[in-house]
Amino acid sequence: MDIDELNAAFGKAFGRRPVGVAVAPGRVNLIGEHTDYNDGFVLPIAVDLATRAAWAPRDDGRLALASLQQPGKDAEIDLCEPIAPGEPAWSNYPKGVAAMLATSGLELPACSILFDSSVPIGSGLSSSASLEVATGLALLAAAGKDMEGYKLARLCQAAEHAFPEVPCGIMDQAIIALGQADHALLLDCRDGQARQVPFNDPDVVLLVADTQVAHELSGGGYAARRDQCHAAAEKLNVAALRDLNTGALEAGRDHLTEVEYRRARHVVGEIARTLAAVDAVEAGDMARFGELMVASHESLRDDYEVSCEELDAIVAAALACDGTFGARMTGGGFGGCAIALVRTARAEAVTEAIQTDYEKRYGRRCPVFATHAAQGACYV
Ligand code: GLA
């Protein structure tokens with residue numbers, strides 16, 4: 001949908017033209033999975049898919065929310081009342097952001113917001129976080145304010161914890177708020193320090209393959225992993241698993257259950273792999289980067305147990321192709337997307353191979369698209 005169509009849809013919903021449009025992309029994580037809530041490192045990029053939030057002021061003291069992806073499920077809030085979660089479920093993401101902005105001291109502007117998103121819902125490409133960050137930017141613009149990107153990311157994370165009640169880490173909101181075109185973001189999730197890492201080799205492309213198996217972070221699997229990690233850290237007397245190296249983990253193994261040990265082994269290994277991956281990208285060593293991706297996938301599959309059959313099949317199909325450096329599941333897991341780092345000249349052949357294999361196994365095609373590191377959230 002181009003901007004004229006978005007303006008027209010806004011007119012249909014709210015009877016006037018929008019005053020501004022905020023855009024927040026989806027993301028894929030190159031490596032550093034399930035490390036953010038363990039104070040570790042992540043290395044995501046923003047992708048070309050995005051949520052747009054078109055907004056205009058109102059004069060009735062209300063916040064009106066509509067989404068082209070949620071027809072017939074509009075929501076309205078009276079800004080004189082405290083904001084509470086409720087139906088429709090999708091509106092808890094923007095409502096949560098509004099509530100957190102109010103808590104942070106912003107006088108919420110009465111406005112109408114229409115969302116339109118190309119980030120597929122439930123695909124593990126951070127449709128939720130892109131909705132949150134787009135909301136934050138739209139409300140800030142409507143209030144004539146701005147906010148530093150990491151602070152906005154933290155606020156959106158708090159909103160996701162409080163309203164839809166998903167206990168996510170900081171990665172998704174941070175890359176969406178801070179992403180820069182042609183760069184991956186190395187984020188230290190302990191202190192929020194961010195480094196932009198050039199990721200723009202024209203000979204290499206990142207393929208994203210969507211299993212279309214619903215990825216549900218509000219299901220118990222994600223929270224359970226988080227709890228197991230925190231329990232392991234506590235038993236080993238460290239603030240977070242980030243504070244362990246392999247030696248310390250092995251020395252403390254007897255204090256942990258078998259499951260806690262394997263979860264911790266993934267996290268400790270994954271943090272080391274993420275830092276090694278940055279060295280590999282900076283050295284232009286895609287073969288090494290690919291090896292680290294494969295090790296990450298195996299660890300997520302075997303120790304962390306968040307992969308699924310469809311993700312494993314895509315990774316195997318990609319790795320069987322000439323020109324693939326590495327492949328892995330990306331994001332929270334339990335479905336969602338896999339990524340493959342491939343030679344640009346081989347992108348079409350690898351795409352075809354993944355789709356043919358997937359169709360043979362599961363009787364349906366899986367969408368595959370090529371992406372580069374896109375721009376993070378901004379206004380258009
Ligand atoms: C989801 C969460 C992130 C992160 C990833 C796993 O995407 O929202 O905070 O924990 O899973 O790396």
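The values are calculated or read from the model by the stated rules, or taken from the named source; none is laboratory data. What you see is a predicted model; the values in this text were computed from it and never measured. Don't worry about glycine lacking a Cβ; one is built from the backbone with ideal geometry, like all the others, and counts go over all protein chains shown. Protein only, heavy atoms only, side chains kept; ligands, DNA and RNA dropped before computing areas. Shrake-Rupley method; radii C 1.70, N 1.55, O 1.52, S 1.80 Å.
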Search result, residues across the range 82-126 that are within 16 Å of the ligand (Cβ to nearest atom), open to solvent by 20 Å² or more (accessible area, probe 1.4 Å) and out of contact with any Asp or Glu (no Cβ under 6 Å at 6 or more places or on another chain): 120, 121, 122
Would you mind telling me which numbered condition in (1) hydrophobic (A, V, I, L, M, F, W, C); (2) surrounded by fewer than 23 Cβ atoms within 10 Å (Cβ to Cβ); (3) closer than 30 Å to residue 199 by Cβ residue 41 fails? (2)
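Matching residues to (1) modelled with pLDDT of 95 or more; (2) in a strand (DSSP E or B):
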| position | (1), (2) |
| --- | --- |
| 341 | yes, yes |
| 345 | yes, no |
| 356 | yes, no |
| 359 | yes, no |
| 365 | no, no |
| 370 | yes, yes |
Taking residue 214 as meeting all but one of (1) more than 30 Å from residue 196 (Cα to Cα); (2) surrounded by 16 or more Cβ atoms within 10 Å (Cβ to Cβ); (3) of a type in the set (A, V, I, L, M, F, W, C), write down the number of the exception. (2)
Given the structure, is residue 325 in a strand (DSSP E or B) and surrounded by 19 or more Cβ atoms within 10 Å (Cβ to Cβ)? yes
Starting from residues that are over 16 Å from the mean Cα position of the chain (by Cα) and over 15 Å from residue 94 (Cβ atoms), keep the ones in the range 132-164 and report whichever is nearest to the ligand (Cβ to nearest atom). 151
Number of positions in the range 121-152 that are among the β-branched types (Val, Ile, Thr) and at pLDDT below 95: 1
Under 6 Å by Cβ, and 6 or more places apart or on different chains, what pairs join a residue from the range 302-319 that is among the aromatic types (Phe, Trp, Tyr) with one that is in a helix (DSSP H, G or I)? 304/266
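Tally the residues that are open to solvent by less than 30 Å² (accessible area, probe 1.4 Å) and in contact with a Cys (Cβ under 9 Å, 6 or more places away or on another chain), restricting the search to the range 5-24. Walk me through how you get there before you give the answer.
Of all residues in the range 5-24, those open to solvent by less than 30 Å² (accessible area, probe 1.4 Å) come to 6-7, 9-11, 18, 20-24.
Still in the running and in contact with a Cys (Cβ under 9 Å, 6 or more places away or on another chain): 22-24.
Total satisfying the criteria: 3.
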Number of the exception - residue 120 against (1) touching a helix residue (DSSP H, G or I) at 6+ places or on another chain (Cβ under 6 Å); (2) outside any helix (DSSP H, G or I): (1)
